[in-house]
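Worksheet: one structure, shown below.
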Amino acid sequence: MTKPDVPSGLSAEEAARLLRQRVEMGGGDLFLDGMTREEALRRVSSARAGRSSDDLAPSAPRTPAPEPGARPTTGATAGRTSDGGTLILPDDYEGLREIALGCTRCGLSGGRTQVVFSDGPPSARLMVVGEAPGANEDASGVPFVGMAGQFLDLLLATVGLSRADSVYIANVLKCRPPGNRDPQPDEIAACSPFLLKQIDLVKPRALLAVGSFSARLLTGRDGVALGKLRGSVHTYHGVPLVVTYHPAALLRNRRWTRLFWDDLQLLRSVIDVV
Ligand code: SF4
């Protein structure tokens, strides 16, 4: 029986440190070759810093607490709607969130349990942009709370980033597509003004797009394969943007974990100089 590389009882920070050491020593598949993904994630989940298991259970929506005075209300701006009309979005964070929480602009509103707006502080240095809520997110109202989200948290911790204080997370779509199918173009057109306004208000120092839908939206490279977008630094309205795989894809294909790690190192180097 293979001996696990990550002993039980580690905190998330300790697990992250071990992970860094393994990579620096040339480990190709990180810790996953020493245990199953499920075992690693169970350990990380039980040891996550700053968030208890109760916080991950389906419950009332968690809402980020904007820092007092950090997002001044300055009026309203307009974006384009999917039907070519004008969508008026406010320039204050709470106003934007309130509009999103009551949104019925596309057909996904009929099947959702709740709108999944964001997680993490709006004062965060890094904004992670994913695809759409899954079942766990739809139930909890918080993005990236399933296994993929826990894996993402662990990998971000390896470069010293946490949604407790430095990472804000949002998706291209705020409502769950049925059966976790891909977002449709009309849904992206209807919902993306919320995301783009979030970026405008959060003003992150760097963006990390995980998965092809957010990568294509933020780079403007529609139809380009994700593998061709990763590995270099793009910009979105002047904000450095790194592209990588969706953490759910890493759970299906362990070879991509190393590539994700490389992208995180690129991201960290960007954050360190902006
Ligand atoms: S997915 Fe976006 S546009 Fe569609 S109903 Fe939800 S919040 Fe509104």
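A short reminder: the numbers here are calculations on the coordinates, not readings from a lab. Since the structure is predicted, the reported quantities are computational estimates derived from the model, not experimental observations. Please note: Cβ atoms are built from the backbone with ideal geometry, for glycine as well, and neighbour counts cover all protein chains shown.
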At a 10 angstrom cut-off on C-beta neighbours, averaged per residue, how do the peptides 143-151, 92-100 rank from highest to lowest? 143-151, 92-100
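Using square roots of five times the C-alpha gyration tensor eigenvalues, list the equivalent-ellipsoid semi-axes of segment 62-273 in whole Å, biggest first. Please report the intermediate quantities before stating the final value.
Values: eigenvalues 119, 77, 58 Å².
Listed largest to smallest, the semi-axes of segment 62-273 are 24, 20, 17 Å.
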Can you tell me the order of 228-240, 170-182 when each peptide is scored by its average per-residue count of other Cβ atoms within 10 angstrom, highest first? 170-182, 228-240
How large is the dipole of segment 62-273 about the Cα centre if only Lys and Arg carry +1 and Asp and Glu carry -1, each at its Cβ, rounded to the nearest 20 debye? 560
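Calculate how many DSSP beta bridges within segment 62-273 are antiparallel, expressed in % of all such bridges and rounded to the nearest 5. Provide the component values of the computation, followed by the final result.
On the way: 9 of 22 bridges.
Of those bridges, close to 40 percent are antiparallel.
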With no solvent and one point per C-alpha, what does the Debye sum give as log10 I(q)/I(0) for segment 229-274 at q = 0.29, 0.32 Å⁻¹? -1.03, -1.14
Full-stretch length increase - I88, N180 - with 0.36 nm per residue and alpha-carbon distance subtracted: 30.2 nm
